[in-house]
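Heads up: the structure comes next, in structure tokens.
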Amino acid sequence: MRLIYIFFLALILLICGGLPATTFAQVRPQYSQYMLNNYLLNPAITGIEDYLDLKMSFRTQWTGIEGAPTTYYVTAHTRLGHNVNIANPSKVDEKQHAFAPKGKRYNAYKKIKPHHGIGGMILHDRIGVFSTTEAMMSYAYHILISPEIKLSGGIAAGVSQYSMRGSDLRLANPNDNLATNIIITKPIVSAGLWLYASQIYAGLGITQLAGNTFDFGGNTILQNPSVRHYFATFAYKILVGEKFTFIPSFLAKVATPLPISMDYNLRVLYTDRIWLGVSYRRNNDFIFMAGLHLNNAFDLSYSYDMGRNQINKQGIGSHEVILGIRLNNRFGVYCPVNMW
């Protein structure tokens, strides 16, 4: 536990000492089911599982409102080689994966060693006349601090294309410079740390490290800096009997000039196959989630956001769907071992 305290102390010092001050900010897309794919926020996740983790998602906010945000993404990451060696495969029940306590028999016959991970992501986010398309590659290295505790560090880099469809604007002067379509391409970099064990994980991720500035049409109102986003997350797995698992977690997000965002989450798994969840976001948003691990290759989940702001009072919510695919899943696990 001392390592975890040191980890979060480093986070506080980093946030207090490194946040830039700005007036307008290029913010990252919003996600509701990030706990199923923390790779979106932290490249240190790269290669954390013993299979190729492929996820595809679609999210629409404020359904029914013209120009409301929509987000699509595809992520994929895997470890290089296998870091799990089975001493006696004949004694391993593949239906019982390394997910304590049912996986104790599995854990007794495995040997874990440090390993590398590689991955990539393609994302498209659109709101009104603005859109962002990103393509990134990531790398992470995972080491053992003790037989039970692992630490990984990762970095991701790529390009981000920002565009403004000026032709869609309704302007009083059709000859205004803003009436043209503008496309800007900039580098994008993120980094992170991830501390994890069989029943706990904690992570720190930083995105938009390049700190680019975007000038749409030479208009000072549209000069848009991409400020750094800091993400800190923590989760703990509580085993209740032989069939139920409770997973409380939280996420803190800091991105000046926006206020600090805090999410409090709880997911309940039944036999590692079906789960329900709920999240509370500090701005009075509630998120309801459900998911199903269909088999050892596919899982599907859905979330619905509702809140107390004026938009949500009109019965307009947000929807998010994730399809997960596990390729080269040699142990046939139904539920992720490290990113539960």
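Residue by residue, here is whether (1) surrounded by 17 or more Cβ atoms within 10 Å (Cβ to Cβ); (2) within 30 Å of ILE183 (Cα to Cα); (3) modelled with pLDDT of 50 or more holds:
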site: VAL84; (1), (2), (3): yes, no, yes
site: ARG105; (1), (2), (3): no, no, no
site: GLY117; (1), (2), (3): yes, no, yes
site: PHE130; (1), (2), (3): yes, yes, yes
site: THR133; (1), (2), (3): yes, yes, yes
site: TYR139; (1), (2), (3): yes, yes, yes
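If you filter segment 133-152 down to residues that are without any contact (Cβ under 8 Å) to a residue 60 or more places away in the chain and of a type in the set (S, T, N, Q), you find that the one that is farthest from GLY67 (Cα to Cα) is SER146.
Taking segment 56-69 as the range and being touching a strand residue (DSSP E or B) at 6+ places or on another chain (Cβ under 6 Å) and either within 15 Å of GLY117 (Cβ to Cβ) or among the aromatic types (Phe, Trp, Tyr) (or both) as the test, only PHE58 passes. For first residues located in segment 55-71 and modelled with pLDDT under 75, partners that are β-branched (Val, Ile, Thr) and surrounded by 13 or more Cβ atoms within 10 Å (Cβ to Cβ) and lie 6+ apart or on another chain with Cβ distances below 9 Å form the pairs THR63/ILE316; GLY64/ILE316; GLY67/ILE127; GLY67/VAL129. The residues listed here are ASN338, ASN265; of these, the one that is of a type in the set (S, T, N, Q), buried (at least 18 other Cβ atoms within 10 Å of the Cβ) and outside any strand (DSSP E or B) is ASN338.
Among residues that are farther than 23 Å from ARG59 by Cα, modelled with pLDDT of 95 or more and among the hydrophobic types (A, V, I, L, M, F, W, C), ILE238 is included.
The lone criterion from (1) in contact (Cβ under 8 Å) with a residue 60 or more places away in the chain; (2) part of a strand (DSSP E or B); (3) surrounded by 16 or more Cβ atoms within 10 Å (Cβ to Cβ) left unmet by LEU239 is number (3). Count of segment 279-297 residues, restricted to those that are aliphatic (A, V, I, L, M), within 28 Å of TYR51 (Cα to Cα) and not in a loop (DSSP other than H, G, I, E, B), is 3.
The values are calculated or read from the model by the stated rules, or taken from the named source; none is laboratory data. Because the structure is predicted, anything quoted here is derived from the model rather than measured. All Cβ positions, glycine included, derive from the backbone under ideal geometry; neighbour counts span all protein chains shown.
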